[in-house]
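Notes follow the structure.
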Amino acid sequence: MQESDLKDLLSKMSTSEKINQLLQLSANFYEGTADLVSGPRQSLGIDEQDVKEAGSVLMAVGARTIIDLQKRNLKDKVRPIPQLFMADIIHGCRTIFPIPLAQGCTFNPKSVQEIAEVAAKEAARAGVHVVFSPMVDLIRDPRWGRVMESTGEDPFLNSVLAKATIKGYQGENIGGKDKVAVCVKHFAAYGSPLGGREYGSVDISEIELQNAYLPAYKAGVDAGAKLIMTSFNTLNGLPMTCNKYMISEILKKKWGFEGLVISDWGAMRELVVHGVAADKKEAAFLSFDSGIDVDMVTDCYTNNLEQLVNEEKIKMSEIDKSVYRVLKLKNELGLFENPFKDADETYDRAPQINQVNRKIARKVTTESFVLLKNDGILPLPKQMNEKIKKIAFIGPYVDEKEICSAWAFFNNNTENITLKEGVLNKKVAIKTYFEPGCDRLAYREKLVGMRKNHINELSKAELSELENRAIEVAKKSDVVVLAIGEHYDYSGEAGSRTSIGIPEHQLELFRKIYRVNTNIIVLSFSGRPLDLREISQKARAILQVWLPGTEGGNAIADVLFGNHSPSGKLAMSFPYNVGQVPIYYNELTTGRPINEVNREQRFCSRYIDAPNQPLYPFGFGLSYGQFDYSKIQLDAHELTSDSKIDVKVVVTNVGNYTGQEVVQLYVHDQIASIARPVRELKGFKKIALQPGESETVVFQIEEEMLKFYNSKGKHEAETGKFDIFIGPDSQTHNKETIYFKKTS
Ligand code: BGC
C-alpha cells in the first residue's frame, strides 16, 4: 500500500478501531466460540468489539490456525485491517536450536545468523509475522532463570550477536519471503533484578547503564529492529512501562528509534501494583505519555484512551501516530496485499522436520558446547582399543527428549534426538550401556511448569533399582559418560533459584558412580552457569551442553567421538560458588585489588573463604586442538584520533587434533576520569587450525574502541595509556601497552 493510502485509511478509522489497533490479545481469546462470552475476555474487561478489532494477537500456533484467525478477522468488516501475529520464537520454531546463552558461546555471528534464518523461515511458514526475539539483556547473575535467553555478560558480544540475529530474521526487507520482524527485548536492564529474583527491582548508575547495559539494545535499534518491548522491572525506581526518560528521551530521541514500542505481558496493569498509578486509567496515561504504542494483554488502553483524549490529557494526534506505526509495520510486512504472508500448511505440517534445518542445527549445536575440563580422556574412540572397550552412558538426560527450554512452544519433543539415539546413530564398535540412574527431579520433587506440572512420581524402590542398575554398568565399563544437570523448568521466565549446583540427588549419583569408576566424563545440561566445584575436581572431563535442542543427541555424540572438536567459549562466567554472584569479568577496578603481593593479606578486595575468580571465566573453553599464542606485535605504540594500530598474534595449533579457536581482544584503560573495567572485550575472531598449522590474527585498534560514557554523559576516549590483551579467554596475561592521544 502507498503511504498516502495508509494515511487515508487512518483518517477513515473510528476512534474505537484506532485504539484497538494498540491492543494485543493472546490467542486464547479467539479459541472456539467461548472467547466472546466468557473466559479471558471477561476477566480482562474488554468487549466483543475489542476482540474483533484488536490489532495484534500473540501466541497463535501454526499456519492453519493463523489463516483461519486472519480470515475471521477480515470477514464482514467495513475496513478489513489484517491482524499481526506475534510469537515467542526464542531459539527456533519447529527445529529447536541451543538456548541463546549457548548460542552466545559459539562466538560466531555467522552461525547465530543462520539459526535466525531457519527460525524465521519456520515461523513465517507457521503464519507468524513478528518474533519476540532477540533478548539482549545483559546478565550477570546466574540465579536469574532468564539468563538462558540472553547471549551473555558482555555488551560487545551481545551487540554483535544481536545484529547477526536481526539480520537473520529480518533480512533486507521484512516483507520478503520467509522473513519476520523482530522485537528486541526487554528494554531496559531486565537482566539485573535484585538478588537474581524474577521481576525484582533494578538499580544501576547512569554510567553503568550507558556503558554496560544499553549498548546491545542500541545495537538492535541500529540493526533495524522493528519493535522494542519494554521490561517488567523498575529502573532506578520507575517501572520501565512508564519510564518516559528511557523510552522517549533515550530510545526515541537519542537513538532515533521509529518502530513500535510494546509493553510486556500485563505490564501496564502492573503499574497499579507497583504503586505508581492509582488505577488502570492512570496506568494508561503514564504508559502512553512515556511512548508505549501497544498494550500487551490488558484493557488499559482499550478502556481508557478515549476518555483521556476527551479530558485533553492525551492528544488524538498522538494516538494517530501510534496507530500509524502499527499500520506501517503491517504494510511493510505486505499484509494489506497478502494478510497470510508466508503461512504455508504444507511446510508447517510436513511429517518430518526439514532435513536441511536439522543439518544446520546439528552443526551449530556442536559449536555451542563448552569443554570446561579434559585431561585427555576426550575424544572417545569409535572402536575398541586397549583402554576402552565398554562405555556406560548414565544419568537422567541419557534418553531424555525434553532438552529444549520452556520457550520451545512449537517444538514436538518426539522430534528431538536424545543422547542415546545420537550415540546409537554413530554405530560405534564399542559395547555401550544406557541407564538413567535417577530421575531429573529428586524424590517426590514437584515443579510447577509453564506448560505442565513436572513431578517425580517414582517410588523409593524404583529409584533405588535405577541407581543399582547404573552402578552395575559403571562397574563393568571402562568409561562413564554421566549426563546430569538442571531440569529445563529450573530456568526460564520465573525460574530464579538460590542454589545453582547440580541437583543434590544427581550429585549423589555422581559420588556413588565415582566410588566404582573414576573415569567419568560429565555432560552438564542446564539453562544457566552452575556451581561445578565438586565435579570439576573429580571428573576427568566436563562438557557443558546447555539445553541443546532438536539435534542435541547427535551433536553431543559428534563431539564425544571426535567428529567435531568443541569450540565454544563461555559467554557467562561460571561462579566458584553462589556467594560470588553477581560475578562478571569486566568489573570496575577497585582501589585495593588482590595481587601476588597482598594475596595473603586481609585488607584487599577479596573473599576470605573463596577465591575472587570464577571457577571458569568468561571467554574460557577448551578444544581438542591445543593453541599456542605468540606475544602481541604492534605496528605502532601511539594511536591518535586519525590513526589506527594493527595488533597481531600468531596462533599455532600445537595439538594433535584439528580445532577452532576464538581469539579474543581485550582493552583496559589505565587512567581515566572514572574507574574503568579491568578489561573489556573489543574484538574476537574464530579461526580453524589443523595440527601444526599457524595463523596470524590481526585486530585494528582505533579511537572508537576506547570510548566510554564519562561522568559528563559524554561518549569519548580519553588521552592516556591502554593495555591490550589478546588470548584464549578473559584472563589472558598476553599483554602490550599503547598510548592514545586525542587529536580531534
Ligand atoms: C515475557 C516476554 C514474552 C511475553 C509474551 C512475557 O511474560 O517476559 O519475554 O515475550 O511474555 O509471551
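The values are calculated or read from the model by the stated rules, or taken from the named source; none is laboratory data. Just so we're clear, the structure is a prediction, and the values are computed from it rather than from any experiment. Cβ placement follows ideal geometry from the backbone for every residue including glycine, while neighbour counts extend to all protein chains displayed. To get the accessible areas, we keep the full protein, side chains included, count just its heavy atoms, and leave off ligands, DNA and RNA. Shrake-Rupley method; radii C 1.70, N 1.55, O 1.52, S 1.80 Å.
Listed here are the residues, each with its yes/no results for (1) free of Cβ contacts under 8 Å to residues at least 12 places away in the same chain; (2) within 30 Å of Phe618 (Cβ to Cβ); (3) surrounded by fewer than 23 Cβ atoms within 10 Å (Cβ to Cβ).
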site: Ile360; (1), (2), (3): no, yes, yes
site: Val364; (1), (2), (3): no, yes, no
site: Glu386; (1), (2), (3): yes, no, yes
site: Tyr397; (1), (2), (3): no, yes, no
site: Ala408; (1), (2), (3): no, yes, no
site: Thr432; (1), (2), (3): no, no, yes
site: Lys446; (1), (2), (3): yes, no, yes
site: Leu458; (1), (2), (3): no, no, yes
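A Cβ distance below 6 Å, combined with a sequence gap of six or more or placement on separate chains, defines the contacts here; from segment 664-684, residues that are on the phi < 0 side of the Ramachandran plot reach residues that are surrounded by 19 or more Cβ atoms within 10 Å (Cβ to Cβ) and assigned to a loop (DSSP other than H, G, I, E, B) in the pairs Gln664/Gly619; Tyr666/Arg679; His668/Arg679; Asp669/Arg676; Pro677/Asn586; Glu680/Asn586; Leu681/Asp154; Phe684/Phe107. Note on segment 488-503: residues that are in a loop (DSSP other than H, G, I, E, B), more than 14 Å from the ligand (Cβ to nearest atom), open to solvent by 20 Å² or more (accessible area, probe 1.4 Å) and not charged (D, E, K, R) total 2.
Only residues that are open to solvent by less than 10 Å² (accessible area, probe 1.4 Å) and in a helix (DSSP H, G or I) were counted in segment 150-163, giving 4.
Just one of the numbered conditions (1) open to solvent by 10 Å² or more (accessible area, probe 1.4 Å); (2) within 16 Å of the ligand (Cβ to nearest atom) is not true of Leu84: (1). Of everything in segment 273-292 that is within 17 Å of Leu23 (Cβ to Cβ) and of a type in the set (A, V, I, L, M, F, W, C), the residue that is surrounded by the fewest Cβ atoms within 10 Å (Cβ to Cβ) is Phe285. So how many residues does segment 513-531 have that are within 22 Å of Glu435 (Cβ to Cβ) and either outside any helix (DSSP H, G or I) or in contact (Cβ under 8 Å) with a residue 24 or more places away in the chain (or both)? Result for segment 513-531: 13.
Scanning segment 53-64 for residues that are modelled with pLDDT of 95 or more and either within 16 Å of the ligand (Cβ to nearest atom) or open to solvent by 40 Å² or more (accessible area, probe 1.4 Å) (or both) gives Ala54, Gly55, Ser56, Val57, Leu58, Arg64.
For Leu161, state whether it is under 24 Å from Gly224 (Cα atoms) and within 16 Å of the ligand (Cβ to nearest atom).
On the way: under 24 Å from Gly224 (Cα atoms): yes; within 16 Å of the ligand (Cβ to nearest atom): no.
No; evaluated as a whole, the condition is false for this residue.
Matching residues to (1) assigned to a loop (DSSP other than H, G, I, E, B); (2) open to solvent by 10 Å² or more (accessible area, probe 1.4 Å); (3) modelled with pLDDT of 95 or more; (4) among the acidic types (Asp, Glu):
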position: Ser111; (1), (2), (3), (4): no, no, yes, no
position: Glu114; (1), (2), (3), (4): no, yes, yes, yes
position: Ala119; (1), (2), (3), (4): no, no, yes, no
position: Arg143; (1), (2), (3), (4): yes, yes, yes, no
position: Met148; (1), (2), (3), (4): no, no, yes, no
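Of all the criteria given as (1) over 23 Å from the mean Cα position of the chain (by Cα); (2) of a type in the set (Asp, Glu); (3) away from the ligand (no atom under 16 Å from the Cβ), the one not satisfied by Asp222 is (1).
Reported count of residues in segment 241-269, each being among the aliphatic types (A, V, I, L, M) and part of a helix (DSSP H, G or I), is 4.
Given (1) under 18 Å from the mean Cα position of the chain (by Cα); (2) within 16 Å of the ligand (Cβ to nearest atom), identify the lone condition not met by Ser111. Exception for Ser111: condition (2). What do you reckon, is Gln660 polar (S, T, N, Q), in contact (Cβ under 8 Å) with a residue 12 or more places away in the chain, in a strand (DSSP E or B) and crowded, with 19+ Cβ neighbours inside 10 Å? For Gln660, the condition - polar (S, T, N, Q), in contact (Cβ under 8 Å) with a residue 12 or more places away in the chain, in a strand (DSSP E or B) and crowded, with 19+ Cβ neighbours inside 10 Å - is met. The number of residues in segment 710-744 that are of a type outside the set (D, E, K, R) and part of a loop (DSSP other than H, G, I, E, B) comes to 13.
Let's see how each residue does on (1) surrounded by fewer than 24 Cβ atoms within 10 Å (Cβ to Cβ); (2) more than 16 Å from the ligand (Cβ to nearest atom); (3) hydroxyl-bearing (Ser, Thr, Tyr):
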{"position": "Ala216", "(1), (2), (3)": "no, no, no"}
{"position": "Leu227", "(1), (2), (3)": "no, no, no"}
{"position": "Thr230", "(1), (2), (3)": "no, no, yes"}
{"position": "Leu235", "(1), (2), (3)": "yes, no, no"}
{"position": "Leu238", "(1), (2), (3)": "yes, yes, no"}
{"position": "Cys242", "(1), (2), (3)": "no, yes, no"}
{"position": "Gly256", "(1), (2), (3)": "yes, yes, no"}
{"position": "Trp265", "(1), (2), (3)": "yes, no, no"}
{"position": "Leu271", "(1), (2), (3)": "no, no, no"}
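Scan segment 624-636 and give yes if some residue there is touching a residue at least 40 places away in the same chain (Cβ under 8 Å), within 30 Å of Thr414 (Cα to Cα) and either open to solvent by 10 Å² or more (accessible area, probe 1.4 Å) or touching a helix residue (DSSP H, G or I) at 6+ places or on another chain (Cβ under 8 Å) (or both), otherwise no. For segment 624-636, residues touching a residue at least 40 places away in the same chain (Cβ under 8 Å), within 30 Å of Thr414 (Cα to Cα) and either open to solvent by 10 Å² or more (accessible area, probe 1.4 Å) or touching a helix residue (DSSP H, G or I) at 6+ places or on another chain (Cβ under 8 Å) (or both): absent. Applying the set (1) closer than 15 Å to Ala188 by Cβ; (2) out of contact with any His (no Cβ under 9 Å at 6 or more places or on another chain) to Thr241 leaves exactly one unmet item: (2).
Give segment 544-582 a look and list any residue that's within 18 Å of the chain's Cα centre (by Cα) and open to solvent by 10 Å² or more (accessible area, probe 1.4 Å), or say none. Please lay out each step first, then the result.
Quick first cut of segment 544-582, residues within 18 Å of the chain's Cα centre (by Cα) only: 544-550, 552, 568-574, 582.
Selection gives Pro582 alone.
For segment 647-671, a residue qualifies if it is farther than 19 Å from Met705 by Cα and not aliphatic (A, V, I, L, M), and the qualifying residues are Thr652, Asn653, Gly655, Asn656, Tyr657, Thr658, Gly659, Gln660, Glu661.
Hey, could you check segment 315-341 for residues that are open to solvent by less than 30 Å² (accessible area, probe 1.4 Å) and not in a helix (DSSP H, G or I) and say which is farthest from Met13 (Cα to Cα)? By that ranking, first place goes to Lys341.
Note on segment 184-226: residues that are part of a loop (DSSP other than H, G, I, E, B) and either at pLDDT below 95 or of a type in the set (D, E, K, R) (or both) total 4. Taking every residue in segment 110-139 that is touching a residue at least 40 places away in the same chain (Cβ under 8 Å) and within 16 Å of Gly549 (Cα to Cα) and pairing it with any residue that is open to solvent by 10 Å² or more (accessible area, probe 1.4 Å) and part of a loop (DSSP other than H, G, I, E, B), at least 6 positions away or on another chain, the pairs with Cβ-Cβ distances below 7 Å are Glu122/Arg94. Sort out which residues of segment 114-148 are within 16 Å of the ligand (Cβ to nearest atom) and of a type in the set (Val, Ile, Thr), and write them in order of number. Matches in segment 114-148: Val128, Val130, Val131, Val136, Ile139, Val147.
Is it fair to say Arg94 is open to solvent by 10 Å² or more (accessible area, probe 1.4 Å) and over 18 Å from the mean Cα position of the chain (by Cα)? No: the conditions fail for Arg94.
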